Protein chains: 2
Amino acid sequence: MADPVRRQILELLLRGGPRPAGDVAERFAISRPAVSRHLRVLRRSGLVRDELVGRQRLYTLDPGPFEELVAWLGPFVRPSGWEHRLDALETEVYRTRRERRTRGDAGQGVTGQESTA
Amino acid sequence: MADPVRRQILELLLRGGPRPAGDVAERFAISRPAVSRHLRVLRRSGLVRDELVGRQRLYTLDPGPFEELVAWLGPFVRPSGWEHRLDALETEVYRTRRERRTRGDAGQGVTGQESTA
DNA sequence: AGGAAGCGTAACCTGTAGGTTACGCTTCCT
DNA sequence: AGGAAGCGTAACCTACAGGTTACGCTTCCT
């Protein structure tokens, strides 16, 4: 995930939702096999899942590893301003979610803009 | 930050607080200059700050870049389970913080275990 | 003053990440 | 059936990340 191309792929998948490999590849200046290998790395890292539909392979984001990373980063961002005891963040989030739900909140959807690339 | 050694250095700095370079170096099997360069990378990435005290150089974590990273990761971890509208996470956190403070909660500190390295 | 302590940098070597071209396998179309 | 579309993989090449040893500069001690 350190690689800039890989990050762009992830961002693309985030904005545009599931995309077939070729669709991803043609967005980059590098060759298609190169992108293909990047996708393989992402696959093996568990950051994306692939689903074969017909003769094309759709790639989707998998939030799992991202959550792990955020969890790892947590302690590093906390100690500064906050008072070292926000480990209950996730539970708080869940509480918030429940509250929102009961208040009846409309979902917004992920598929949004498609601008700067 | 992709490098495992670098991550270990960061974890060490997290657990043990500011440390001189040599103190960091002797925790690793690799040579001291190697660690020194890792520290330079971390310095240039802004992940750590250095302060010269006497003839030794103390390294400290800088939360800034970590926050950026978490911010970048945010959109990736949200879309799955939650209903796409947790952008108010930070404000929630602050609210939580206020609540905790008024309830009078003892801080725990960061310095904890010192085991597996 | 002068040696030791504490670090950083330079020069060098090697493994590997990431690019390219060539090739092979399915799946769809007519 | 057979060609085109859509992808992945293999083989190969090159640049760079990360390790080591050698060296130089301050700062402390006696």
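Read-outs: derived from the displayed coordinates by stated rules, not from any lab. The shown structure was predicted, so the numbers you read here are calculated from the model rather than taken from an experiment. FYI the Cβ positions are ideal-geometry reconstructions off the backbone, even for glycines, and counts take in every protein chain you see.
With both labels modelled 7 Å from their Cα along Cα-to-Cβ, the A:Ala29 to B:Phe28 distance reads 3.3 nm.
Each copy carries a label point for A:Glu67 at 7 Å from Cα toward Cβ; from one copy, the others' points are 2.6 nm away, ordered from shortest.
For segment A:12-58, what class follows from the C-alpha gyration tensor (a ≥ b ≥ c being the square roots of its eigenvalues): rounded when a/c is under 1.5, otherwise prolate if a/b is larger than b/c, else oblate?
rounded
Estimated at 0.36 nm per residue, the fully extended path between B:Val5 and B:Arg44 surpasses their Cα-Cα distance by 12.4 nm. Take B:Gln8, move 7 Å from Cα toward the beta carbon, and the resulting point lies 3.4 nm from the same point in each other copy, nearest first. Shielding value for B:63-76 is 5, the average number of Cβ atoms from other chains within 10 Å of each residue's Cβ. Among chain A residues, the beta-carbon with the smallest distance to the axis carrying A onto B is reported, with distance in whole Å, as A:Ala2, 2. Considering the options A:Leu10, A:Val53, A:Leu39, tell which one lies farthest towards the positive end of the dipole of segment A:4-61, charges being +1 on Lys and Arg and -1 on Asp and Glu at the Cβ, about the Cα centre. Comparing the listed Cα positions along the dipole, A:Leu39 ranks first.
Could you give the dipole magnitude of segment A:4-61 about its Cα centre, charging the beta-carbon of Lys and Arg +1 and that of Asp and Glu -1, in debye to the nearest 20? Could the numbers behind the result be given before it?
Working: 13 positive and 5 negative charges, 39 e Å.
So the magnitude is around 180 debye.
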